[in-house]
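To keep things clear, I will list the structure first and then write my remarks on it.
The values are calculated or read from the model by the stated rules, or taken from the named source; none is laboratory data. Computed from a predicted model, the values in this text were never measured in an experiment. Note that we place each Cβ from the backbone using ideal geometry, even for glycine, and neighbour counts take in every protein chain shown. Heads up: the accessible areas ignore ligands, DNA and RNA and are worked out on the full protein's heavy atoms, side chains in. Shrake-Rupley method; radii C 1.70, N 1.55, O 1.52, S 1.80 Å.
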Amino acid sequence: MTPAVSTAMSALQEAARAAAEAADIEPGLLQLIKIRASQINGCSLSLDQHTQDARAMGMSEQRIREVRTWRNSKVYTHRERAALALTEAITLVFAGQVPNSVYAEAASLFEETQLAALIWAATVTNAHNRIAITTRLGGSGSPPDLAYWEHGQRPSTT
């Protein structure tokens, strides 16, 4: 890694964290975003880190376990579901744009500064995932299940 870029990435991560804190985004919601993006990207290092952080915050094992199947789970609030849908759309933007309906739903549930903080949290997590996967940090580097993208389909939520 180049030190200047790594320093800039750390500063970006800190700025995103500070923006989320200033916008009163619940720390648990940020962990859900980080967990879901890391699951989709197949980043084992980040997934391990964020699930450990969620446990340390007191998040239940059920909530951590069911992030992958959040659409079918009853343990997430309407706001959490909107944030997870937005996170998936950002993470999978290569498969299409962030759908207007996903953005509109999140925008209706979060204030402007909160929405911006959520977008930055997902974006920074995705950037970290890509670096860890590419450089094989902590055993990351195996691509996610490519069956997700067969036939031009977006990944399933299960």
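Worth a mention:
- Test: residue in the range 41-51 that is within 23 Å of residue 136 (Cα to Cα) and aliphatic (A, V, I, L, M): yes
- The set of residues in the range 50-87 that are within 17 Å of the chain's Cα centre (by Cα), of a type outside the set (D, E, K, R), open to solvent by 30 Å² or more (accessible area, probe 1.4 Å) and within 23 Å of residue 102 (Cβ to Cβ) comprises 69, 77, 78.
- Qualifying positions in the range 51-75 - part of a helix (DSSP H, G or I), of a type outside the set (S, T, N, Q) and touching a residue at least 24 places away in the same chain (Cβ under 8 Å): 54, 63, 64, 67, 68, 70, 71
- Residue check for residue 7: under 17 Å from residue 134 (Cβ atoms), surrounded by fewer than 18 Cβ atoms within 10 Å (Cβ to Cβ) and out of contact with any strand residue (DSSP E or B) (no Cβ under 9 Å at 6 or more places or on another chain): no
- For the range 1-26, the set of residues classified as within 18 Å of the chain's Cα centre (by Cα), aliphatic (A, V, I, L, M) and in a helix (DSSP H, G or I) consists of 9, 12, 15, 16, 18, 19, 20, listed by residue number.
- Residue check, residue 37 in contact (Cβ under 8 Å) with a residue 12 or more places away in the chain, open to solvent by less than 20 Å² (accessible area, probe 1.4 Å) and hydrophobic (A, V, I, L, M, F, W, C): yes
- Any hit, the range 105-122, residues being open to solvent by 60 Å² or more (accessible area, probe 1.4 Å), on the phi < 0 side of the Ramachandran plot, at pLDDT 95 or above and not in a helix (DSSP H, G or I): yes
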